[in-house]
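To start, the structure under review is shown below, and the notes come after it.
All of the numbers you see were taken from the coordinates with simple rules; none came from a lab. Model, not experiment: these values are computed from the prediction. Quick reminder, even Gly has a Cβ in these numbers, built from the backbone with ideal geometry, and neighbours come from all protein chains shown.
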Amino acid sequence: MENHTITWRGIQVEITFTPEKFGMTEHIELHSENRIALPVTETGMVSLEVV
């Protein structure tokens, strides 16, 4: 698992990458501070599986 933090337009975004989560897919999670809306999510959090 890799954790990264970036600042995008003044918003702190936490990114978590988990290779082979569930034994089959890559998994990416984005969390913005205070769940501020981002272009990829209105809730400030998104969970994606990459096949």
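Going by how many other beta carbons lie within 10 Å of each one, how would you line up 47, 32, fewest first?
47, 32
Overall, the chain carries a charge dipole of about 180 debye about its Cα centre when +1 sits on the Cβ of Lys and Arg and -1 on the Cβ of Asp and Glu, all other atoms neutral. The orientation-averaged projected area of the convex hull spanned by the Cα atoms of the chain comes to 3.5 nm².
Using the 10 angstrom Cβ neighbour count as an exposure proxy, how do 41, 5 rank, fewest first? Walk me through the numbers before you get to the answer.
Working: 41 16, 5 10.
Ascending number of Cβ neighbours within 10 Å: 5, 41.
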